[in-house]
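Participant: For reference, the structure I am asking about is given below.
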Amino acid sequence: MSAIVLGGGDALLIVDPQVDFLPGGSLGVPQGDAVLAPINRLIDLYRAHALPVYVSRDWHPALHCSFADQGGPWPVHCVAGSDGARFAKALQLDDAVVVSKATTVEVDAYSAFNGTGLADTLRERGIRRLVVCGLATDYCVLNTVVDGLAAGFEVLLAPEAMRAVNVNTGDGERALARMLDAGAMPVQLSNSGLVP
Ligand code: VGL
Ligand code: ZN
């Protein structure tokens, strides 16, 4: 299978690769650390083509409505400025564009497009196609992909570079099926780049 040709309209979007979502973190995703090596390969690939890298981060206020102590579904995680909100140290994100999301106390936002202006930012830069990867498949990746497609972007998915929380068994597989259903295309990393 021949590699997908990357060019001017392409960008990489890494969703929430943060310490709290890694094993040992307050909302640790099972095998979440398995995404780090493939994400670094994606970063290298996009940099080699001089293409931009975007990285979103969950960036909650201390009393966020999604936290269990405020009546929400999740343990406290990714409080803005905290150690748990930092990007995984193993990632080479130096020149990535950072998109902070879910920053308001009273609303949660799983999607990197929700309330961030990301769609306009990407359009202004001529970006038409994204590879999306990161954490977690069944929440922030899913919602980011669905919103990105609805906003008119072509979306490629790198399943090897994402992992699911799986609150219910099978959530990750169902999320993947929904993303493909919505029009995303799965890709794999190979020595020659991205292949369908
Ligand atoms: C996420 C649960 C709560 C995610 C964020 O990044 O997928 N999941 N907040
Ligand atoms: Zn969150």
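Participant: Kindly indicate which of LEU63, LEU91 is more than 12 Å from ligand 1 (Cβ to nearest atom) and closer than 17 Å to ALA161 by Cα.
Facilitator: Exactly one of LEU63, LEU91 is more than 12 Å from ligand 1 (Cβ to nearest atom) and closer than 17 Å to ALA161 by Cα, namely LEU91.
Participant: Let me ask something else. Give the number of residues within the range 110-126 that are buried (at least 20 other Cβ atoms within 10 Å of the Cβ) and either more than 17 Å from the chain's Cα centre (by Cα) or part of a loop (DSSP other than H, G, I, E, B) (or both).
Facilitator: Within the range 110-126, residues that are buried (at least 20 other Cβ atoms within 10 Å of the Cβ) and either more than 17 Å from the chain's Cα centre (by Cα) or part of a loop (DSSP other than H, G, I, E, B) (or both) number 4.
Participant: Could you list, in sequence order, the residues of the range 44-65 that are within 13 Å of the chain's Cα centre (by Cα) and among the hydrophobic types (A, V, I, L, M, F, W, C)?
Facilitator: Result: VAL53, VAL55.
Participant: Could you say which residue among VAL98, VAL131, VAL145, VAL107 is buried (at least 16 other Cβ atoms within 10 Å of the Cβ) and touching a residue at least 40 places away in the same chain (Cβ under 8 Å)?
Facilitator: Exactly one residue qualifies, and that residue is VAL131.
Participant: Residues ALA158, ALA136, ALA184: which one is modelled with pLDDT of 95 or more, in contact with a helix residue (DSSP H, G or I) (Cβ under 9 Å, 6 or more places away or on another chain) and within 15 Å of ligand 1 (Cβ to nearest atom)?
Facilitator: Being modelled with pLDDT of 95 or more, in contact with a helix residue (DSSP H, G or I) (Cβ under 9 Å, 6 or more places away or on another chain) and within 15 Å of ligand 1 (Cβ to nearest atom) holds for just one of ALA158, ALA136, ALA184, which is ALA136.
Participant: If you don't mind, another one. Restricting attention to the range 94-133, which residues are within 15 Å of ligand 1 (Cβ to nearest atom) and of a type in the set (S, T, N, Q)?
Facilitator: SER100, THR103, THR104, SER111, ASN114, THR116
Participant: Being outside any helix (DSSP H, G or I) and without any contact (Cβ under 8 Å) to a residue 24 or more places away in the chain narrows it down to one of GLY72, GLY28, so name that one.
Facilitator: GLY28
Matching residues to (1) assigned to a helix (DSSP H, G or I); (2) under 26 Å from GLY172 (Cα atoms):
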| site | (1), (2) |
| --- | --- |
| ILE14 | no, yes |
| ILE39 | yes, yes |
| ALA62 | no, no |
| ASP94 | no, no |
| ASP108 | no, yes |
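Participant: Inside the range 12-59, can you point out the residues that are among the small types (Gly, Ala, Ser), surrounded by fewer than 21 Cβ atoms within 10 Å (Cβ to Cβ) and touching a Lys or Arg at 6+ places or on another chain (Cβ under 8 Å)?
Facilitator: ALA34
Participant: Let me ask something else about it. In the range 95-138, how many are within 15 Å of ligand 2 (Cβ to nearest atom) and of a type in the set (A, V, I, L, M)?
Facilitator: 8
The values are calculated or read from the model by the stated rules, or taken from the named source; none is laboratory data. As the structure is a prediction and not an experimental result, all values here were calculated from the model. No Cβ is skipped: glycine too gets one built from the backbone with ideal geometry, and neighbour counts run over all protein chains shown.
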